[in-house]
1. From the list B:31, B:92, which residue is surrounded by 15 or more Cβ atoms within 10 Å (Cβ to Cβ), touching a Ser or Thr at 6+ places or on another chain (Cβ under 7 Å), in contact (Cβ under 8 Å) with a residue 60 or more places away in the chain and under 17 Å from residue A:102 (Cβ atoms)?
2. Being closer than 17 Å to residue A:95 by Cβ and surrounded by fewer than 18 Cβ atoms within 10 Å (Cβ to Cβ) is the requirement here; does residue B:56 meet it?
3. If you check every pair at least six apart or on different chains, which have Cβ atoms under 8 Å apart with a residue in the stretch A:94-115 that is more than 7 Å from chain B (Cβ to nearest Cβ) and buried (at least 23 other Cβ atoms within 10 Å of the Cβ) first and a residue that is assigned to a loop (DSSP other than H, G, I, E, B) and among the aliphatic types (A, V, I, L, M) second?
4. Based on what the data block shows, is residue A:67 surrounded by fewer than 21 Cβ atoms within 10 Å (Cβ to Cβ), within 14 Å of the chain's Cα centre (by Cα) and either of a type in the set (S, T, N, Q) or part of a helix (DSSP H, G or I) (or both)?
5. Say we look at the stretch B:8-36 and pick out the residues that are over 11 Å from the mean Cα position of the chain (by Cα) and in a strand (DSSP E or B); which of these is nearest to residue A:91 (Cα to Cα)?
6. Which of (1) over 25 Å from residue A:90 (Cα atoms); (2) within 11 Å of chain A (Cβ to nearest Cβ); (3) not hydrophobic (A, V, I, L, M, F, W, C) is the odd one out, the single condition residue B:40 does not satisfy?
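Derivation of every value follows stated rules applied to the coordinates shown; laboratory data play no part. Since this is a predicted model, take the numbers as computed values, not measurements. Positions of Cβ are backbone-derived with ideal geometry, glycine not excepted, and every protein chain shown enters the neighbour counts.
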Amino acid sequence: AQKVTQAQTEISVVEKEDVTLDCVYETRDTTYYLFWYKQPPSGELVFLIRRNSFDEQNEISGRYSWNFQKSTSSFNFTITASQVVDSAVYFCALSEDPGNTPLVFGKGTRLSVIA
Amino acid sequence: DGGITQSPKYLFRKEGQNVTLSCEQNLNHDAMYWYRQDPGQGLRLIYYSQIVNDFQKGDIAEGYSVSREKKESFPLTVTSAQKNPTAFYLCASGTGTEYPYEQYFGPGTRLTVT
């Protein structure tokens with residue numbers, strides 16, 4: 001069975017600090033996809049990144065970066081120089097075939113960035 | 001614009017009443033999903049459908065029913081048998097076998113049952 005664990009329930013940082021959100025996953029599939037979503041107070045899920053199991057390159061997008069390590073089954077998300085607008089709940093998710101089958105979500109990490 | 005619409009955004013019902021949540025997509029996606037979100041619980045799968053006239057139960061299907069008569073529509077009925085129906089409900093559609101192999105989410109419906 002697939003499982004996603006986000007051990008950090010809530011994190012609070014001061015603006016401009018860097019913060020890393022942890023994600024550990026379990027799957028027996030050799031091919032799978034990992035995702036990060038942001039959920040602001042409005043509730044809508046905002047897609048941040050998709051990574052497949054064959055691509056272990058780290059990715060950077062502006063202040064966001066992701067560290068995928070198959071050896072430790074982790075897909076961590078770092079926000080550099082955090083801003084108040086980054087305050088949200090962040091979800092990590094996993095699927096063997098995300099176009100056709102459901103996503104398995106972690107319980108989310110609530111990030112509060114304080115000015 | 002292509003996307004997923006859910007209506008209404010907020011829904012209030014009395015206990016014992018059935019209620020149907022709407023989900024429509026114009027992305028031409030075959031797969032559609034219903035997830036439920038409770039505080040601190042993440043998103044849990046209720047039902048999903050990979051093709052018209054077919055659907056599968058998810059982890060928490062008890063007390064819910066769905067239909068998939070049209071590709072564009074996947075309504076969810078919350079029945080009176082659902083013991084704790086108050087939650088945030090998210091609908092999604094999936095790209096199937098086409099790149100970029102992902103799901104797109106609607107804005108959600110927040111259901112409150114009293």
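1. Of the residues listed, the single one that is surrounded by 15 or more Cβ atoms within 10 Å (Cβ to Cβ), touching a Ser or Thr at 6+ places or on another chain (Cβ under 7 Å), in contact (Cβ under 8 Å) with a residue 60 or more places away in the chain and under 17 Å from residue A:102 (Cβ atoms) is B:31.
2. Working: closer than 17 Å to residue A:95 by Cβ: yes; surrounded by fewer than 18 Cβ atoms within 10 Å (Cβ to Cβ): yes.
The answer is yes for residue B:56.
3. Matching pairs, first to second residue: A:94/A:103; A:95/A:103.
4. Yes; evaluated as a whole, the condition is true for this residue.
5. Here is the first cut: in the stretch B:8-36, the ones over 11 Å from the mean Cα position of the chain (by Cα) are B:8-19, B:25-31.
Retained after the next criterion (residues that are in a strand (DSSP E or B)): B:10-13, B:19, B:25, B:31.
On the way: B:10: 23, B:11: 25, B:12: 27, B:13: 29, B:19: 28, B:25: 23, B:31: 21 Å.
Once the filter is applied, the top-ranked residue is B:31.
6. Just one mismatch for residue B:40, condition (1).
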